[in-house]
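The values are calculated or read from the model by the stated rules, or taken from the named source; none is laboratory data. Note that the structure is a prediction, hence the values are computed from the model and not measured. All Cβ positions, glycine included, derive from the backbone under ideal geometry; neighbour counts span all protein chains shown. Surface accessibility is based on the protein's heavy atoms, side chains included, excluding ligands, DNA and RNA. Shrake-Rupley method; radii C 1.70, N 1.55, O 1.52, S 1.80 Å.
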Amino acid sequence: LRAATPPQTRFVTDSNQLRIRLARCGIAPDDSVVVRCPVDFQAINLARKQELRRLICNESDGPVVLIPGPATRTGRHLHAVWACAIIQQIYPATRVIVPFGGRESARIRRFLQANRLGHLWIDAPTEWNWPELVSVADVMVDASRVECRTEPFAWAMSAGVPVVGVAVRSTTELIADRHNGMLSRDSAAHPLAGVILRLLDDHDLRRKIAETARGQAYEVFSMREYSDNMRRVYENVAAGRLVGDGVQDTAVVQARSA
């Protein structure tokens, strides 16, 4: 990676785990910095006002589970869908959205059809992005047991959609179990389904998690904080300073204040 980039290249990542991976690839720690991705809260509110859920499922359907795509084997998307198939035995109206395609989508569809669960799958319009997706979801589930991108968590937290994830480091940078989300120690379908079920069965816990996550999101993923940090990044590069000089990881700042 170092050999493929010009000497003055600097890197901005959205998690500390990505920064660590860059270091393992030969990128000096001083050449990278963490800037949390921004969320457009107004776009989420606008999407909610459009009542998009009616376009993709019946009013009686739910919970609607959003699994961040595109679908991959390393992301364990099949296991996440399998967990939802288990949940569907208790909540018959459960539906699943896996957006943005992916090579694993066809395999997941075959799995559902083979088990007569094709109705579980919802095809979201291809033009939808995170504001629309989180506006129709009740829960977000990420079964990845490798380090994953945190942008989907940012949008879910900002929309008050509870996140269920696996306790890998990139996830635990943002999600604390039973505080602003739910964590599973195992990405296999059955233990993951157990965590999802605990969240769905406990209405008070689900409400508390959603409120906590949304409150944190305003501090961590605000457009103002993002723009301020990115301005400092460019000023540092132009002035020959360390790229992270004066740049604050808003997730760390928020955690300390909490």
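Placing +1 on each Lys and Arg Cβ and -1 on each Asp and Glu Cβ, with no other charges, gives the range 1-137 a dipole about its Cα centre of roughly 500 debye. Tilt of helix 223-239 relative to the longest C-alpha principal axis of the chain, in degrees (0 to 90, nearest 10)? The helix 223-239 is inclined about 30 degrees to the chain. Simple point charges give the picture: +1 on the Cβ of Lys and Arg, -1 on the Cβ of Asp and Glu, and for the chain a dipole about the Cα centre of about 620 debye. Any chance you could give the angle, 0 to 90 degrees and rounded to 10, that helix 189-201 forms with the longest Cα principal axis of the chain? On a 0 to 90 degree scale, this one is about 80. In plain terms, if you count all Cα to Cα distances in the range 87-178 and split them into 5 Å steps from zero, the share in each step is 2, 12, 20, 22, 22, 15, 6, 0 percent. Probe radius 1.4 Å, ligands and nucleic acids ignored: give me the carbon and sulfur share of the accessible area of the chain as a rounded percent. Reported share for carbon and sulfur atoms: 49 percent. Just checking the listed ones, Gln42, Gln88, Gln216: in the Gaussian network model of the chain with Cα springs under 10 Å, the one fluctuating most is Gln42. When the chain is treated as a GNM with alpha-carbon contacts under 10 Å, the residue of Met223, Met140, Met182 showing the greatest mean-square fluctuation is Met223. Counted residue by residue at 0.36 nm each, then reduced by the alpha carbon distance between them, the extension gain from Asn115 to Val12 reaches 32.7 nm.
Rounded to the nearest 500, the helix-only mean residue ellipticity at 222 nm of the chain stands at -13500 deg cm²/dmol, with each DSSP H run of n ≥ 4 adding -39,500 (n - 2.57).
The residues of the chain present an accessible area of 50 Å² per residue when probed at 1.4 Å with all protein chains retained.
Between Ser60, Ser32, Ser187, which gets the highest mean-square fluctuation from a Gaussian network model of the chain, Cα cutoff 10 Å? Sorting by GNM fluctuation, first place goes to Ser60.
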